[in-house]
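The next block holds one structure in the form of structure tokens; read it before the comments.
Bear in mind that the values in this text are calculations on the coordinates, not laboratory data. Because the structure is a prediction, the values reported are computed rather than measured. Positions of Cβ are backbone-derived with ideal geometry, glycine not excepted, and every protein chain shown enters the neighbour counts.
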Amino acid sequence: MKRLLKLLLLPCLVVLLMGADKEDARFQELGSKIMCTCSCTQMLLKCNHVGCPNSDRMRRELKAAVESTTNDEEVLNWFRKNWGVTAVVEPGKHGFELSAWIVPWSVPVLGLVLVIFVIRSWKLRTAPIAPADLHLAPELEALRARAHRETEI
């Protein structure tokens, strides 16, 4: 009877421990994306500021959020809302913070497109008209001839 009970209890323990390990991994991952707001410039889980007024409270809130929410983005948004946008190191994927994801790769691409466009326009440019082919008004032709005589060009 005890052996049967142990056999039934073992899978339950394995399932429970797997879930706890997953929550701990999420806690560690999210904690590495959140900055302690005590101005020590350290990540939340690595804050070693003696007497830190924020890190213990933030860790408790993170632990509660990890246990109650399955969506990591919701947890990070909650920290942005309650502790400020600078509390979360990774920028959000909405609003103005979306530009932090788009600009770093789009600016070089747009620059490359602009360079290609400029080089292509230089290559497609027509040759300038030779000065001999220009038909000027007679009074301008007289001034032109005088300039050639005086400069000997």
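Taking each residue as 0.36 nm, the span from residue 86 to residue 38 lengthens on full extension beyond its C-alpha to C-alpha distance by 16.1 nm. Cα centroid separation, the range 79-128 to the range 55-77: 32 Å.
Put a dot 7 Å past the Cα of residue 22, heading toward its Cβ, do the same for residue 121, and the two dots end up 5.6 nm apart. Ordering 107-115, 81-89 by mean Cβ neighbour count within 10 Å, with the highest value first, yields 81-89, 107-115.
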